[in-house]
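Q: Mind having a look at this structure? Questions to follow.
The values are calculated or read from the model by the stated rules, or taken from the named source; none is laboratory data. All of these numbers come straight from a predicted model, not from anything done at the bench. Here the Cβ is made from the backbone with ideal geometry for all residues, glycine too, and neighbour counts use every protein chain on show. Just so you know, the surface numbers come from the protein's heavy atoms only, side chains and all, with ligands and any DNA or RNA stripped out. Shrake-Rupley method; radii C 1.70, N 1.55, O 1.52, S 1.80 Å.
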Amino acid sequence: MRTEEETQRAIGQYADMVRRICMVHLKNYHDTEDIFQTVFLKFVLSSDTFQSQEHEKAWFIRVTINACRDLLRSFFRRNTVSMEEIEEMAGSFGTEEDSEVRQAVLRLPEKYRDAVYLHYFEGYSAAETGKLLGKKENTIYTLLSRARDILGRELGGEEHGR
């Protein structure tokens, strides 16, 4: 079990990232807060030792993504997501200027959303994103390319990022 100091440091360092990952996956403030608590509870109860700060950050990303997926797989969650919740989430993250892009990213299929989020929002390279998601680097490049194509079509412009 972790000390209170370790826990407070981790919350201070990773809270925003965990919430953003949750919002990208869950599109709902209340579910985000539930998963946030779950992730940090797992951290407090975990006896894992981390080789580096980057290893600890990767642990938080992986645990958060897995917790979100578990919630989304639940019968109740699969059958109760409303459009109002999606709009509520989109309005709570970022500025008004990028609302259209943000909403387009949130509508991407999950396999693209994860890669886009980690690469563009968290700044991970394709190789690092691949390790975090358990995919090959070339697969990440393909996912990013397809996501850009989808976003380009959806936003009504030419292909973005090329």
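Q: Could you go through the stretch 52-71 and let me know if any residue there is open to solvent by 70 Å² or more (accessible area, probe 1.4 Å), outside any helix (DSSP H, G or I), within 27 Å of SER125 (Cα to Cα) and modelled with pLDDT under 95.
A: no
Q: Next question. Cβ-Cβ distance below 7 Å, separation of 6 or more or different chains: which pairs start in the stretch 8-34 with a residue that is over 14 Å from ARG69 (Cα atoms) and end on one that is open to solvent by 70 Å² or more (accessible area, probe 1.4 Å) and acidic (Asp, Glu)?
A: TYR29/GLU88
Rundown of residues vs (1) at pLDDT 85 or above; (2) acidic (Asp, Glu); (3) surrounded by fewer than 15 Cβ atoms within 10 Å (Cβ to Cβ); (4) more than 17 Å from the chain's Cα centre (by Cα), yes/no style:
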residue: PHE75; (1), (2), (3), (4): no, no, yes, yes
residue: ASN79; (1), (2), (3), (4): no, no, yes, yes
residue: PHE93; (1), (2), (3), (4): no, no, no, no
residue: VAL101; (1), (2), (3), (4): no, no, yes, no
residue: LEU106; (1), (2), (3), (4): no, no, no, no
residue: GLU110; (1), (2), (3), (4): no, yes, yes, no
residue: VAL116; (1), (2), (3), (4): yes, no, no, no
residue: ALA126; (1), (2), (3), (4): yes, no, no, no
